[in-house]
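Structure, as structure tokens:
The values are calculated or read from the model by the stated rules, or taken from the named source; none is laboratory data. Given the structure is predicted, the values throughout are model-derived calculations rather than measurements. Every residue, glycine as well, gets a Cβ built from its backbone with ideal geometry; the counts of neighbours run over all protein chains shown. Only protein heavy atoms, including side chains, enter the accessible area calculation; ligands, DNA and RNA are left aside. Shrake-Rupley method; radii C 1.70, N 1.55, O 1.52, S 1.80 Å.
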Amino acid sequence: MNNMKRLLCMALMLLAMVPAMKAEDFSAKEVVLEHIKDSHDWHVTDWGEGKSLVIPLPVIVQSSTGWHVFSSSQFEHHADADGLRQGPYGLAIATEGDNAGKIVENGSPVLDLSITKTVAVMFINVAILLCCILGSARWYKKRQASDPAPGGFVGFIEMLVMYVVDEIIKPGVGKGYEKYVPYLLTCFFFIFTCNVMGLIPFPPGSGNVTGNIAVTFFLALCTFIIVQFSGNKHYWKDIFWPEVPTWLKAPIPIIPVIEFVGIFTKPFALMIRLFANMMAGHAIAVAITCIIFLVASQAVAVQLSMSALSVVMSIFMMCLECLVCFIQAMVFTMLSAVFIGLARVEPAHE
């Protein structure tokens, strides 16, 4: 009963934050897309009539008049009739069309090296990760091997490191796994940190880093490069001249072509798996929360019941997302370790 009262109180508080709006004025699609997409400024919240709390970010672009560095606050908050948020130097941010979200000049995209929301959040996540890891490492520098095992946060970090190394990296890579430990541990902790920080609904969190396909593409590309440079003679032989009947590899190289395509499908699966799972998780969590605002103009009984349901489902999704944060980091690291191990496997007779 007490838990239900708390949920109802939370629902009432959320309803009180809705400024007398009609259900038809609220677009759940826009809210969801606003959360998962990248942007040149960091939108925190809205209040009142047309008031917003926005953190401006650095804009670094090259246009026809040269390089320009300025704050994103110089762009207009609202788009004009052409769907452009006008800014300095003849630049604008397109809000619709094929170039939506991009900085354009005379309707054409420019070279954009700006610090967007995803990049800013990623820098924050990396700083947090470095503080956690280097802080734990400093603890070990002051201790002897015979000292008792650490507790608290340092013990938690040690537990994660030992679990990833002993249960994921070592079995996946096999003999000589030691030289791949730094990269694979970096992948695990970077993805795990970004996932956890993405659950925080306000700065410095709220970033959809691993739900950005550019980020997952780069991580998968790193694994792809390491796998190819780690491949031994047996790995390349199995690709271009596998042990199958000759008619399957000459004169028409059916199996070699399939094996060669497999080189690229593995990192592609890594990229899509992480991107799709994290983006979908964020979208579902935000969509469930939108139920509260969609029923804001309904009867009080409907508001209370649907808001309570939304809060319960949101809490459930957040708990599930906490588990998904760890699982996705673990799966990416495990598959990377397995792909590296397969590239280094030796023939059975050797």
Helices (runs of 4 or more DSSP H) (entirely within segment 145-202) containing at least 2 residues that are within 30 Å of Leu53 (Cβ to Cβ) and touching a Leu at 6+ places or on another chain (Cβ under 7 Å): 181-197
Some residue of segment 114-135 being crowded, with 16+ Cβ neighbours inside 10 Å, over 26 Å from the mean Cα position of the chain (by Cα) and either assigned to a helix (DSSP H, G or I) or not aliphatic (A, V, I, L, M) (or both): no
Condition met for Gly97 (open to solvent by 20 Å² or more (accessible area, probe 1.4 Å), in contact (Cβ under 8 Å) with a residue 60 or more places away in the chain and not in a helix (DSSP H, G or I)): no
Filter result for Tyr235 (hydroxyl-bearing (Ser, Thr, Tyr), at pLDDT below 90 and open to solvent by 20 Å² or more (accessible area, probe 1.4 Å)): yes
Flag if Glu96 is under 30 Å from His43 (Cβ atoms) and modelled with pLDDT under 85: yes
Among (1) touching a helix residue (DSSP H, G or I) at 6+ places or on another chain (Cβ under 8 Å); (2) modelled with pLDDT of 90 or more - the single one Lys179 does not satisfy: (1)
Pairs where the first residue, in segment 175-195, is farther than 21 Å from Arg344 by Cα and the second is modelled with pLDDT of 90 or more and open to solvent by 20 Å² or more (accessible area, probe 1.4 Å), C-beta under 6 Å, 6+ apart: Phe189/Leu129; Thr193/Leu129
Unmet requirement for Pro203, which otherwise passes all of (1) more than 26 Å from Ala269 (Cβ to Cβ); (2) touching a residue at least 40 places away in the same chain (Cβ under 8 Å); (3) crowded, with 16+ Cβ neighbours inside 10 Å; (4) out of contact with any Gly (no Cβ under 9 Å at 6 or more places or on another chain): (3)
Members of segment 138-162 found to be within 23 Å of Thr186 (Cβ to Cβ) and open to solvent by 90 Å² or more (accessible area, probe 1.4 Å), listed by number: Arg138, Tyr140, Lys141, Phe153, Met159, Met162
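Rundown of residues vs (1) open to solvent by less than 50 Å² (accessible area, probe 1.4 Å); (2) without any contact (Cβ under 8 Å) to a residue 12 or more places away in the chain; (3) outside any strand (DSSP E or B); (4) touching a Pro at 6+ places or on another chain (Cβ under 8 Å), yes/no style:
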{"position": "Ile55", "(1), (2), (3), (4)": "no, no, no, yes"}
{"position": "Gln62", "(1), (2), (3), (4)": "no, no, no, no"}
{"position": "Val69", "(1), (2), (3), (4)": "no, yes, no, yes"}
{"position": "Asp80", "(1), (2), (3), (4)": "no, yes, yes, no"}
{"position": "Arg85", "(1), (2), (3), (4)": "yes, yes, no, no"}
{"position": "Tyr89", "(1), (2), (3), (4)": "no, no, yes, no"}
